[in-house]
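Participant: Submitted below is the structure of interest, expressed as structure tokens.
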Amino acid sequence: MAERKEAERKAKEEAERKAKEEAERKAMEEAERKAKEEAERKAKEEAERKAKEEAERIAKEEAERKAKEEAERKAKEEAERIAKEEAERKAKEEAERKAKEEAERKAKEEAERKAKEEAECNSYKSMIEDFVSDIKECEYKDGIIFGKKKKIHYVANPITKRIWNAVVNKSSEADFDDNDFVPQKELGTFLENLNSYYSGKIVFEYLHKNIHALVHLQVYEKQDKNACFVYIKEEN
């Protein structure tokens, strides 16, 4: 009887010991499982945190890169716009300067041309007026023996190339000897131009068409037979 109770006690103790070991084992396994899960959770959270930080860093760098590129693009466009406007302004100013200079040059040339023409006009007009200013009176017979006495007013100065050029070409310049006489056959439109200049206020005629007056002047005034003269045909 005593042996049976001892065996039962031992069996009970063994069962309790095994149960205790089993409980401890399970508790240990549970603790290890929880520790493992906690470690995994923390590792996962850490990985997620790092991944999030990396993503944020990359996003931030990308945003900064894009912002920098945009700023550089805008700065480049602004610089190009300013450079273009400056180039256009300078080109406009240069064009305006050249246009102004050209206008001033043309105005100056025109003024000089007009002044020259005016001076030339005044010069050749002065020459014509000087030419006819020396008027002389001559009395002659209209016939050799029984001719009537007549008077004629003639220009004392002969027609030289200088005065011919002034009357015909309306110029005071010449490339020839100004004092040479103009032959009768080369007078051309001299008389028409001279009469046109005075617009009918004074009408001139060639002296060689009044043979009696011409002979009288050549004989008594000793005029050069190679020279041509004009006289006042009528006065209005």
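The values are calculated or read from the model by the stated rules, or taken from the named source; none is laboratory data. Worth saying up front: this structure is predicted, and the values here are computed from it rather than measured. Cβ sites come from the backbone with ideal geometry, for glycine too, and all protein chains shown count toward neighbours. These accessible areas exclude ligands, DNA and RNA; they are computed on the full protein's heavy atoms, side chains included. Shrake-Rupley method; radii C 1.70, N 1.55, O 1.52, S 1.80 Å.
Participant: Being surrounded by fewer than 10 Cβ atoms within 10 Å (Cβ to Cβ) and either in a helix (DSSP H, G or I) or on the phi < 0 side of the Ramachandran plot (or both) is the requirement here; does residue 5 meet it?
Facilitator: On the way: surrounded by fewer than 10 Cβ atoms within 10 Å (Cβ to Cβ): yes; either in a helix (DSSP H, G or I) or on the phi < 0 side of the Ramachandran plot (or both): yes.
For residue 5, the condition - surrounded by fewer than 10 Cβ atoms within 10 Å (Cβ to Cβ) and either in a helix (DSSP H, G or I) or on the phi < 0 side of the Ramachandran plot (or both) - is met.
Participant: Based on what the data block shows, is residue 205 surrounded by 16 or more Cβ atoms within 10 Å (Cβ to Cβ) and acidic (Asp, Glu)?
Facilitator: Considered against the rule, which asks whether it is surrounded by 16 or more Cβ atoms within 10 Å (Cβ to Cβ) and acidic (Asp, Glu), residue 205 comes out as yes.
Per-residue answers, yes or no, for (1) free of Cβ contacts under 8 Å to residues at least 60 places away in the same chain; (2) open to solvent by less than 90 Å² (accessible area, probe 1.4 Å); (3) assigned to a helix (DSSP H, G or I); (4) touching a Ser or Thr at 6+ places or on another chain (Cβ under 8 Å):
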| residue | (1), (2), (3), (4) |
| --- | --- |
| 127 | yes, yes, yes, yes |
| 132 | no, yes, yes, no |
| 137 | yes, no, no, no |
| 196 | yes, yes, yes, no |
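Participant: What number of residues within segment 208-236 are of a type in the set (S, T, N, Q) and open to solvent by less than 50 Å² (accessible area, probe 1.4 Å)?
Facilitator: So the answer is 3.
Participant: Here's a follow-up. Just to be sure, is residue 163 open to solvent by less than 30 Å² (accessible area, probe 1.4 Å), in a helix (DSSP H, G or I), on the phi < 0 side of the Ramachandran plot and in contact with a helix residue (DSSP H, G or I) (Cβ under 8 Å, 6 or more places away or on another chain)?
Facilitator: Spelling it out, residue 163 is indeed open to solvent by less than 30 Å² (accessible area, probe 1.4 Å), in a helix (DSSP H, G or I), on the phi < 0 side of the Ramachandran plot and in contact with a helix residue (DSSP H, G or I) (Cβ under 8 Å, 6 or more places away or on another chain).
Participant: Quick check, is residue 85 open to solvent by less than 100 Å² (accessible area, probe 1.4 Å) and at pLDDT below 90?
Facilitator: Considered against the rule, which asks whether it is open to solvent by less than 100 Å² (accessible area, probe 1.4 Å) and at pLDDT below 90, residue 85 comes out as no.
Participant: Okay, moving on. Just name the residue that is farthest from residue 212 (Cα to Cα) out of those in segment 139-153 that are of a type outside the set (Ser, Thr, Tyr) and open to solvent by less than 100 Å² (accessible area, probe 1.4 Å). Write out each step before concluding.
Facilitator: So in segment 139-153, the residues of a type outside the set (Ser, Thr, Tyr) come out as 139, 141-153.
Filter once more, keeping what is open to solvent by less than 100 Å² (accessible area, probe 1.4 Å): 139, 141-143, 147, 150, 152-153.
Numbers: 139: 10, 141: 7, 142: 6, 143: 7, 147: 10, 150: 10, 152: 11, 153: 14 Å.
Within segment 139-153, the match that is farthest from residue 212 (Cα to Cα) is 153.
Residues are listed down the side, and each one gets a yes or a no for (1) more than 21 Å from residue 136 (Cα to Cα); (2) modelled with pLDDT under 90:
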{"position": "146", "(1), (2)": "yes, yes"}
{"position": "151", "(1), (2)": "no, no"}
{"position": "158", "(1), (2)": "no, no"}
{"position": "166", "(1), (2)": "yes, no"}
{"position": "169", "(1), (2)": "yes, yes"}
{"position": "175", "(1), (2)": "yes, yes"}
{"position": "185", "(1), (2)": "yes, no"}
{"position": "195", "(1), (2)": "no, no"}
{"position": "203", "(1), (2)": "no, no"}
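Participant: Can you confirm whether residue 110 is open to solvent by less than 90 Å² (accessible area, probe 1.4 Å) and closer than 30 Å to residue 170 by Cβ?
Facilitator: Yes; evaluated as a whole, the condition is true for this residue.
Participant: Residues that are β-branched (Val, Ile, Thr) and free of Cβ contacts under 8 Å to residues at least 40 places away in the same chain: does segment 56-64 have at least one?
Facilitator: There is at least one residue in segment 56-64 that is β-branched (Val, Ile, Thr) and free of Cβ contacts under 8 Å to residues at least 40 places away in the same chain.
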